[in-house]
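Each remark here refers to the structure printed beneath this line.
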Amino acid sequence: MAIRNLSLRIGGANILDSVNLRLNAGEITGLIGRSGSGKSMTALAMMGLAPGAAEISGEIIIDGENVLAMRERARCDLRGRKIAMVFQEPMTALNPLQTIGAQVAETFLAHEKISRAEAFGKSKTALGRAGLPPEEISPERRPHELSGGQRQRAGIAIAIAMKPGVLIADEPTTALDVTTQAEILGLLKTLAKEDGSALLLITHDLAVVSSVADRIAVLKEGRIVADESADDFYSAAPTSLAREFMPARVKRDGARPASPKTALAADNLSCDYVNARRSVFVEPAVFRAVKNVSFKIAKGETLGLVGESGCGKSTLARALLGLHPIAEGTAAIGGEIFPAKDKAAMRRLRRKIQIVFQDPYSSFNPRQRIADILAEPFHLFDEPMTAAQKRERAAALMESVGLGADALDKYPHAFSGGQRQRIAIARALATDPEVIVLDEATSALDIASRNHILELLQSLQAARGLSLLFITHDLSVIRDIADRVMVMNEGRILESGETDRIFESPQTDYTRRLIAAAPVIEWRESAGDMNG
């Protein structure tokens, strides 16, 4: 596949500017760039899926045919057969109403004259190649019945069904824990090599592609500013361009001395999920997602919580916020048991703990202006506010996170991912909380935005004495920002301690596996170094 002088404009704004890129059979190319650099738009243009309002020029050649010059029917025949794509978020890419087997079978039915039974048989083979063998994971399952990693494997099965010559993977591991991420990257590499496909792996993280890519291309403000072999790009002396995409490093001067005041505590806390009733004669099964968890967070301290997907991290967070019932044990905020029994006490406690979610775009109402979004938590205060007071407080919150008051009348779609996360932090600060829970709050951000958010959190923590519970699968972030770390697996806390001790001397095999699975940049010796 060859991209020649590809330019794309929307509403007069240049999104892509004379992009040139060649993808060779059996070769893995890493396309790296920050948010807004044009990576995803390049992928959509390659698939013939650019927005209708886009003005496009240049050529995208697959097997001698120009995708941009094709009629839509020809592009539909091309997609899936010669070029396919794995999307970042499989839950939105997959049809929630269809089984995964039926969704893979659709690809075969679209391109081959075969029966549904034959297509379903082929779908089992594709799912097996993607790591979902039918004897273990039924093709009759729907997306919501799968884990995040399994859903991504289902998306991969759809993409590789026809063994296309070009496979695009757009941030395929961003939302996955480190062990699942390593498995998915290894799977994509294996499938590309087996099928002789050209794989374009799009990411903002150098570490993700360092172990799998043959070539590296860097996209900056819509232009390709580097295109070279991975050995040259990951040379022993990283260039200034490479340093722009190196993992976040935020200064942490060891563990802070513990405050005598406890901000948040859990004592033998357990949480259950009740499965759907299968018969009126049988009690529904109960699954214990969180098992006897105990911890304390001191005032002004950051506690990191790490573990694989499905280990119970988010359920624990929801329980601490009063959003999931506690089956056994207790949680306390500032010494007060949570949730409280009466409404007034509960409202007071809710002011003390707030949350920042992974994706602020999905946690914001897209029809609300930022001023209204920030004003939502104000109802938790005892004294009602006037419209002018709400506006004044919202403006102060925006200033506190580095955004101006002039943004209050804009809608969420007008902001970048990093800016939306700043607004989410501002909303969390609206009630003057003592504790903020950050649930994968930096996972979807590029390196630069991630750094800025971490620095903002440290600044706010120092100024306000905030306690932070930082939940993430990104171990590099935890190592930089957390004073102490808890490692969770299958609902239990396996070990906890000061951050440096956990990383330098882990006590359990599980923790050692987590640390070993974390992607690291593999710098390589240059030819001169090897010959010298």
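When the residues of the range 52-70 are filtered to those that are in contact (Cβ under 8 Å) with a residue 12 or more places away in the chain and either among the polar types (S, T, N, Q) or assigned to a helix (DSSP H, G or I) (or both), which remaining residue is nearest to Asp195 (Cα to Cα)?
The qualifying residue nearest to Asp195 (Cα to Cα) is Val67.
For (1) at pLDDT below 75; (2) closer than 20 Å to Glu440 by Cβ; (3) surrounded by 19 or more Cβ atoms within 10 Å (Cβ to Cβ); (4) touching a Gly at 6+ places or on another chain (Cβ under 6 Å), each residue gets a yes or a no:
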residue: Lys251; (1), (2), (3), (4): yes, no, no, no
residue: Asp272; (1), (2), (3), (4): no, no, no, no
residue: Val286; (1), (2), (3), (4): no, no, no, no
residue: Ser309; (1), (2), (3), (4): no, yes, no, yes
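Among the numbered conditions (1) in contact with a Lys or Arg (Cβ under 7 Å, 6 or more places away or on another chain); (2) assigned to a helix (DSSP H, G or I); (3) surrounded by fewer than 17 Cβ atoms within 10 Å (Cβ to Cβ), tell me where Asp409 comes up short.
Status for Asp409: all satisfied but (2).
Consider the range 179-219. How many of its residues are part of a helix (DSSP H, G or I) and over 22 Å from Ala2 (Cα atoms)?
Adding up the residues that qualify gives 14.
Quick test for you: out of Thr508, Thr472, pick the one residue that is β-branched (Val, Ile, Thr), more than 30 Å from Met385 (Cα to Cα) and in contact with a strand residue (DSSP E or B) (Cβ under 6 Å, 6 or more places away or on another chain).
Of the residues listed, the single one that is β-branched (Val, Ile, Thr), more than 30 Å from Met385 (Cα to Cα) and in contact with a strand residue (DSSP E or B) (Cβ under 6 Å, 6 or more places away or on another chain) is Thr508.
Tell me, yes or no, whether the range 75-97 has at least one residue that is more than 30 Å from Leu16 (Cβ to Cβ) and aromatic (Phe, Trp, Tyr).
No, the conditions are met nowhere in the range 75-97.
Please go through (1) polar (S, T, N, Q); (2) surrounded by fewer than 22 Cβ atoms within 10 Å (Cβ to Cβ); (3) modelled with pLDDT under 95 for Ser496 and return the number of the only condition it doesn't satisfy.
Condition (3) is where Ser496 drops out.
Rundown of residues vs (1) in a helix (DSSP H, G or I); (2) touching a residue at least 12 places away in the same chain (Cβ under 8 Å); (3) surrounded by fewer than 14 Cβ atoms within 10 Å (Cβ to Cβ); (4) under 26 Å from the mean Cα position of the chain (by Cα), yes/no style:
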{"residue": "Arg367", "(1), (2), (3), (4)": "no, yes, yes, yes"}
{"residue": "Leu374", "(1), (2), (3), (4)": "yes, yes, no, yes"}
{"residue": "Pro384", "(1), (2), (3), (4)": "no, no, yes, no"}
{"residue": "Arg393", "(1), (2), (3), (4)": "yes, yes, no, no"}
{"residue": "Met398", "(1), (2), (3), (4)": "yes, yes, no, yes"}
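Among the residues of the range 71-84, write down those that are in a helix (DSSP H, G or I) and under 24 Å from the mean Cα position of the chain (by Cα).
none
Could you check the range 85-115 and list, in sequence order, the residues that are under 17 Å from the mean Cα position of the chain (by Cα) and charged (D, E, K, R)?
Scanning the range 85-115 gives a single hit, Glu89.
Taking the conditions exactly as written (among the hydroxyl-bearing types (Ser, Thr, Tyr), under 29 Å from the mean Cα position of the chain (by Cα) and either at positive phi or part of a strand (DSSP E or B) (or both)), does Ser309 satisfy them or not? Show your work before the answer.
Details: among the hydroxyl-bearing types (Ser, Thr, Tyr): yes; under 29 Å from the mean Cα position of the chain (by Cα): yes; either at positive phi or part of a strand (DSSP E or B) (or both): no.
So Ser309 does not fit the description; no.
A quick yes/no check of all residues on (1) in contact with a Cys (Cβ under 9 Å, 6 or more places away or on another chain); (2) over 25 Å from Leu241 (Cα atoms); (3) in contact (Cβ under 8 Å) with a residue 24 or more places away in the chain:
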| position | (1), (2), (3) |
| --- | --- |
| Pro172 | no, no, yes |
| Asp177 | yes, yes, yes |
| Thr180 | no, yes, yes |
| Ile184 | no, yes, yes |
| Ala192 | no, yes, yes |
| Leu199 | no, no, yes |
| Ile202 | no, no, yes |
| Asp205 | no, no, yes |
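The values are calculated or read from the model by the stated rules, or taken from the named source; none is laboratory data. Fair warning: this is a prediction, and the values are worked out from it, not measured in the lab. All Cβ positions, even for glycine, are placed from backbone atoms using ideal geometry, and neighbour counts span all protein chains on display.
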